[in-house]
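Structure first, commentary second.
The values are calculated or read from the model by the stated rules, or taken from the named source; none is laboratory data. As the structure is a prediction and not an experimental result, all values here were calculated from the model. Virtual Cβ from ideal backbone geometry, glycine too; neighbours counted across all protein chains shown.
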């Protein structure tokens with residue numbers, strides 16, 4: 001992925017340079033005040049907050065590539081081949097029990113994250129003790145995920161590979177499929193691996209058909225083959241014709257257009273070639289083509305969209321900055337009207353406070369029914385599980401129930417998390433629109449025909465304090481030779497809002513880890529079926545109560561974050577405008593400066609227009 005990363009780096013650096021120029025121009029504009037207001041604290045400026053958000057998001061760009069597959073299909077072997085070193089266990093038995101996130105670090109290191117919120121740094125050689133089914137059966141250690149860092153070049157800019165858990169019993173097929181489809185929705189690209197020959201069974205074909213019916217644009221279908229079959233042209237062609245035909249049919253039946261491509265790969269040879277440094281064997285393995293096409297997709301789609309969004313955000317910030325300059329320009333045109341305009345602003349700001357309070361109260365009232373729905377989703381598997389427990393007839397069935405129930409809870413909690421994320425985002429978007437409209441109305445009352453006010457999508461989910469804490473954490477991470485990309489993400493069992501737990505955290509992972517942890521010893525320490533049943537009932541009640549508390553706490557935190565952010569945004573907006581009045585009022589003692597400040601306003605408008613032009617020019621391939 002070196003070419004993609006080099007190109008992405010160049011364009012991202014150009015956008016960061018354009019953003020830096022906006023920051024410098026805004027800083028100079030803020031400094032151009034009269035002596036009477038030199039001590040004004042502008043650190044909570046609305047525009048400064050938008051600038052900080054844009055920089056945070058651009059610097060923390062991350063691309064998640066998930067690797068999915070049923071039992072013993074070679075997922076970990078392929079991941080190790082793509083990376084060029086062993087980071088996931090590879091054995092005949094199913095090994096990956098929890099998600100393994102592989103990102104960049106200057107030195108190999110790993111961090112294990114637990115359901116109780118704790119984390120443990122371990123040697124890379126110890127990772128298998130926490131991730132494998134053999135060493136961590138049914139996830140009895142309560143691991144949510146493992147973050148492993150390796151000094152691999154193509155991961156250095158935030159590209160992260162995710163080795164997803166596999167399931168080792170036939171009854172988990174439906175659960176596995178649902179969870180995979182959920183995660184395919186949120187990764188930037190998904191590699192779906194299946195193994196053939198000798199054959200692709202009905203279960204796997206059904207799984208592949210559902211994947212194809214979901215969305216093909218970011219899904220890479222990989223047929224892993226044993227070496228003797230991979231190098232037999234006739235066998236390889238027969239397999240690809242058969243599987244490809246079924247997948248094409250499934251795509252058409254689902255109304256999906258576009259090309260269906262299946263990549264033939266020998267994952268074992270890919271790993272051996274990378275391990276031995278055999279370039280010719282690496283290219284023969286088929287993994288080279290897969291990696292290049294992944295690179296092309298990230299460059300042409302995910303990466304391009306990221307840079308486009310960043311350029312658009314910078315442009316919108318320059319428009320907001322120009323609006324503030326034009327407000328000052330309007331005040332300077334007729335300083336005698338300052339008292340009249342100040343009284344009008346006072347009235348508008350007071351009205352803004354009441355309108356915002358009403359808007360927030362109405363928006364947050366919609367969260368209560370949403371919270372009830374997600375609590376119900378979390379409880380569903382526990383209700384069904386309690387009924388199922390009473391029909392268990394052997395200790396072996398108890399053990400099977402514990403394994404199966406963990407995955408059912410993971411999927412239910414993941415669904416609840418997704419449901420809340422989508423519902424809450426809808427509430428926030430409507431609230432954000434109201435704020436933008438009211439901000440714009442107040443601005444245009446002072447200076448007509450201003451550009452529309454645009455707030456960042458997550459401006460109501462991140463307070464300045466959270467943003468500063470997050471950026472400080474990123475600086476510490478870089479100093480510790482870890483990737484600058486955020487560890488939190490949308491993949492691997494739950495929605496995690498990277499900017500400070502504004503949305504539900506990874507409750508899917510936490511739920512599964514809690515169940516595995518709490519139920520792991522039920523059979524081992526119980527000799528009586530009745531006692532095992534009673535213990536199961538008790539443990540399910542404990543886990544359900546813990547999850548509901550976690551959901552309620554996180555919802556309350558999300559609501560409080562929004563309330564606090566709205567208050568801060570309103571105060572910052574008023575502060576920015578009042579500052580313009582203070583600048584002009586300060587000139588009453590220095591009337592000879594008025595003309596100079598008028599000329600300054602023209603130059604600052606031109607400077608912000610130049611910043612906007614530079615941001616657009618930093619992405620010539622997008623704006624061409």
Query raised in the report: Given 328, 344, which one is in contact (Cβ under 8 Å) with a residue 24 or more places away in the chain and outside the structural domain of residue 559 (by TED's automatic domain parsing)?
Result: 328
Query raised in the report: Looking at residue 410, is it modelled with pLDDT under 90, surrounded by fewer than 21 Cβ atoms within 10 Å (Cβ to Cβ) and assigned by TED's automatic domain parsing to the domain that holds residue 554?
Result: no
Query raised in the report: Does any residue of segment 609-621 turn out to be at pLDDT below 90, buried (at least 19 other Cβ atoms within 10 Å of the Cβ) and outside the structural domain of residue 419 (by TED's automatic domain parsing)?
Result: yes
Requested in this report: Within segment 540-566, count every residue that is surrounded by fewer than 20 Cβ atoms within 10 Å (Cβ to Cβ) and more than 26 Å from the chain's Cα centre (by Cα).
Outcome: 3
Query raised in the report: Does residue 351 satisfy being surrounded by 12 or more Cβ atoms within 10 Å (Cβ to Cβ), in a helix (DSSP H, G or I) and without any contact (Cβ under 8 Å) to a residue 40 or more places away in the chain?
Result: yes
Query - Of all residues in segment 285-303 being in contact with a helix residue (DSSP H, G or I) (Cβ under 7 Å, 6 or more places away or on another chain) and part of a helix (DSSP H, G or I), the one that is modelled with the lowest pLDDT - result: 299
Report task. Kindly indicate the residue of segment 32-48 that is assigned to a helix (DSSP H, G or I) and modelled with pLDDT of 80 or more and also surrounded by the fewest Cβ atoms within 10 Å (Cβ to Cβ) among those meeting that condition. Result -> 48
Query raised in the report: Is it the case that segment 241-249 has a residue that's assigned to a helix (DSSP H, G or I) and over 20 Å from residue 196 (Cα atoms)?
Result: no
**Report entry** Residue within segment 158-172 that is modelled with pLDDT of 70 or more and surrounded by fewer than 22 Cβ atoms within 10 Å (Cβ to Cβ) present
**Finding:** yes
Query raised in the report: What residue, among those in segment 253-281 that are over 15 Å from residue 222 (Cα atoms), more than 31 Å from the chain's Cα centre (by Cα) and in a helix (DSSP H, G or I), is modelled with the lowest pLDDT?
Result: 253
Query raised in the report: Which is more than 21 Å from residue 437 (Cα to Cα), more than 27 Å from the chain's Cα centre (by Cα) and assigned to a helix (DSSP H, G or I), of 398, 327, 378?
Result: 398
Query raised in the report: Among the residues of segment 575-592, is any assigned to a helix (DSSP H, G or I), in contact (Cβ under 8 Å) with a residue 40 or more places away in the chain and farther than 30 Å from residue 351 by Cβ?
Result: yes
**Report entry** Every pair of residues 6+ apart whose Cβ atoms lie under 8 Å, when the first sits in segment 372-397 and is farther than 10 Å from residue 409 by Cβ and not assigned by TED's automatic domain parsing to the domain that holds residue 554 while the second is buried (at least 17 other Cβ atoms within 10 Å of the Cβ) and at pLDDT 90 or above
**Finding:** none
Query raised in the report: On the given criteria, is residue 421 closer than 16 Å to residue 551 by Cβ and either free of Cβ contacts under 8 Å to residues at least 24 places away in the same chain or assigned by TED's automatic domain parsing to the domain that holds residue 547 (or both)?
Result: yes
